[in-house]
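Okay, so here's the structure we're looking at.
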Amino acid sequence: MFELTGYIARRRGHQEEGLRNLQRALELDPRNFLTLQQIALSYLNLRRYSDEAAILDRALSIKPDDVDTKVIRSLIALDSKADTRPLHQTLDEIRAKDPDAIKSVADTWFTCALAERDPVGAGNALLALGENFFGNDAVHLYRSFGEGLIARMMKDEPKARAAFTAARTEQEKRMQEQPDYAPGLCVLGLIDAGLGRKEEALREGRRAIELLSYEKDSINGAHMIEYFAVIAAWVVEKDLASEYLAKAEQLTGYGTITYGQLKLLPYWDPLRGDPRFEKIVASLAPKEKQ
């Protein structure tokens, strides 16, 4: 009962209330691994990184070989301090110990490689990803988009255009039965932004926000705002990008936008050096030892 109430409150954007209910559920079942993982997610949303680390350590004391939890624990340093080394080391250990296990965390491997500006590593991560997706929650990005992102990062315009063109064809097929599915429109907007289709990209991104507001779904609604900021950045609408990034960053209990992700990931490259963007990054920088 407490667990379900916690999930509902969190989905509505009431992060503190959700956390309190999950903590009460854990008091009743202290070794519940799923509840420990979900409390860690709430701490991430609140950017309480030290608490997130502590609860994940507790989870790992129950299941020390759980690959996903190991990776999430190592990801904290990237999110909070823009430090990829713990995550890189953990991924190397997983590949050495159980190469098949890397498939389940290939999306995070891809993120790590992008943060390190390692196109070879990112390409290998996409191979491991296979037909699965990366992205956030309901926003599903696939291999062809990832290839376009790598090429864009490396400033290889012909390769990026070819990959994004393929991604657009695939995304249109996925959306045939759900043309007004907001996360799908959001992805289409990202692809069109990558192709330089400015008006289409902005229209699709705005439509996604209209269809899935933060009030309807605090998690995926926030993603619509976040990715619209990326769309605007890619089509060189810096004022608009900074406006929407600030909105996403300020949403109560929305911790997916982190210091490390903004500092390192190529999604945000068009905004680097812009004072408004740099101010947001600085506001998320570690103020004390995490």
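The values are calculated or read from the model by the stated rules, or taken from the named source; none is laboratory data. Please read all numbers here as calculations on a predicted model, not as lab measurements. Using ideal geometry, Cβ is built from the backbone for each residue, glycine included, and neighbour counts are taken over all protein chains shown.
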Check Glu210, Glu215, Glu200 and return the single one that is assigned to a loop (DSSP other than H, G, I, E, B), of a type in the set (D, E, K, R) and either surrounded by fewer than 16 Cβ atoms within 10 Å (Cβ to Cβ) or in contact with a helix residue (DSSP H, G or I) (Cβ under 7 Å, 6 or more places away or on another chain) (or both).
Glu215
Pick from Arg48, Arg58, Arg31, Arg85: which is closer than 21 Å to Leu264 by Cα, basic (Lys, Arg) and over 18 Å from the mean Cα position of the chain (by Cα)?
Arg85
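Here's a check for you: in the stretch 91-116, which residue that is of a type in the set (S, T, N, Q) and buried (at least 21 other Cβ atoms within 10 Å of the Cβ) is nearest to Thr258 (Cα to Cα)?
Per the criteria, the residue is Thr111.
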Among the residues of the stretch 71-120, write down those that are charged (D, E, K, R) and either modelled with pLDDT under 95 or assigned to a helix (DSSP H, G or I) (or both).
Arg73, Asp79, Lys81, Arg85, Asp92, Glu93, Arg95, Lys97, Asp98, Asp100, Lys103, Asp107
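Matching residues to (1) of a type in the set (S, T, N, Q); (2) surrounded by fewer than 20 Cβ atoms within 10 Å (Cβ to Cβ); (3) without any contact (Cβ under 8 Å) to a residue 60 or more places away in the chain; (4) on the phi > 0 side of the Ramachandran plot:
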| position | (1), (2), (3), (4) |
| --- | --- |
| Gly196 | no, yes, yes, yes |
| Arg206 | no, yes, yes, no |
| Asn220 | yes, no, no, no |
| Met224 | no, no, yes, no |
| Val230 | no, no, yes, no |
| Glu249 | no, no, yes, no |
| Leu265 | no, yes, no, no |
| Gly273 | no, yes, yes, yes |
| Ser283 | yes, yes, yes, no |
Selected residue [charged (D, E, K, R) and modelled with pLDDT under 95] from Glu243, Glu237, Glu249, Glu226
Glu249
